[in-house]
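Asker: This structure is in structure tokens; I'll ask about it shortly.
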Amino acid sequence: NDLIECWLVRDWHACEGFIWKADLPPTTRRKMLIQLFRKAALRFPDEVLSRLRELIQTGALAQNALNSDLGGQRSPRLLYYGCNEITRNLARGWARQNDVEALNKIQTLPLKWQPDAFEAFSDSFTTSKAGLAMLDFIVAYDARRQPTEAEKKEISQGLKWWNWEVARLVIQRLAYLEPREAEAWLEAD
């Protein structure tokens, strides 16, 4: 972990190349790659996302590896456990750069990756404009998402309970940043 932390500051691409080429047990390689992408996503989110998409296209990374629910993926060649932290750090990295623009980037993620990004962003935004945009985004996400059969049983009216939980976190943070805007959003929506 210390090696990865130091190396990625100088050249995370070279660090990744070393991890793939080194004579390592698959479990160690997987853990090192996850750690590298997690740390690099905070500093270079666009580059990391581009690289992850390349790995998915070549089959080195499972399409669902960055989802919270992995459905039993356990191939040692594929990254799986802990990958949702990469998605969370992508959102945090984008928020560090520009929290309003970060929401647009979260929308480019596959729908199944977005919940982790929502959750990470909910405690990372720094402006009321981003908080209000996040609340509107959660409502829009909820409206277009196709629920599973199990979720259909949980859904009452409006946002699914998980989305309300994230919205609650955003409202709390927004209330800290700008109480009147948080109150106005709650009254309107």
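The values are calculated or read from the model by the stated rules, or taken from the named source; none is laboratory data. Values in this document were obtained by computation on a predicted structure and should not be read as measured data. Ideal geometry is used to build each Cβ from the backbone, glycine not excepted, and the neighbour counts take in all protein chains shown. These area figures cover heavy atoms from the full protein model, side chains too; ligands, DNA and RNA do not enter into them. Shrake-Rupley method; radii C 1.70, N 1.55, O 1.52, S 1.80 Å.
Asker: Taking the range 8-43 on its own, how many of its residues are among the hydrophobic types (A, V, I, L, M, F, W, C), open to solvent by 50 Å² or more (accessible area, probe 1.4 Å) and either more than 22 Å from A91 (Cα to Cα) or touching an Asp or Glu at 6+ places or on another chain (Cβ under 6 Å) (or both)?
Answerer: Summing the residues that are among the hydrophobic types (A, V, I, L, M, F, W, C), open to solvent by 50 Å² or more (accessible area, probe 1.4 Å) and either more than 22 Å from A91 (Cα to Cα) or touching an Asp or Glu at 6+ places or on another chain (Cβ under 6 Å) (or both) in the range 8-43 gives 2.
Asker: I would also like to ask the following. What tally of residues in the range 141-189 results from selecting those that are outside any helix (DSSP H, G or I) and modelled with pLDDT under 90?
Answerer: Within the range 141-189, residues that are outside any helix (DSSP H, G or I) and modelled with pLDDT under 90 number 11.
Asker: Only residues that are surrounded by fewer than 21 Cβ atoms within 10 Å (Cβ to Cβ) and part of a helix (DSSP H, G or I): list them for the range 120-131, please.
Answerer: S128, K129
Asker: Okay, next question. Which residue, of A117, A91, is modelled with pLDDT of 90 or more, open to solvent by less than 10 Å² (accessible area, probe 1.4 Å) and either of a type in the set (A, V, I, L, M) or within 23 Å of Y176 (Cα to Cα) (or both)?
Answerer: A91
Asker: Now for a different question. Consider F137 against the criteria (1) part of a helix (DSSP H, G or I); (2) of a type outside the set (S, T, Y); (3) within 19 Å of W164 (Cα to Cα); (4) open to solvent by 60 Å² or more (accessible area, probe 1.4 Å): it satisfies all of them except one. Which criterion is unmet?
Answerer: With (1) part of a helix (DSSP H, G or I); (2) of a type outside the set (S, T, Y); (3) within 19 Å of W164 (Cα to Cα); (4) open to solvent by 60 Å² or more (accessible area, probe 1.4 Å) applied to F137, the lone miss is (4).
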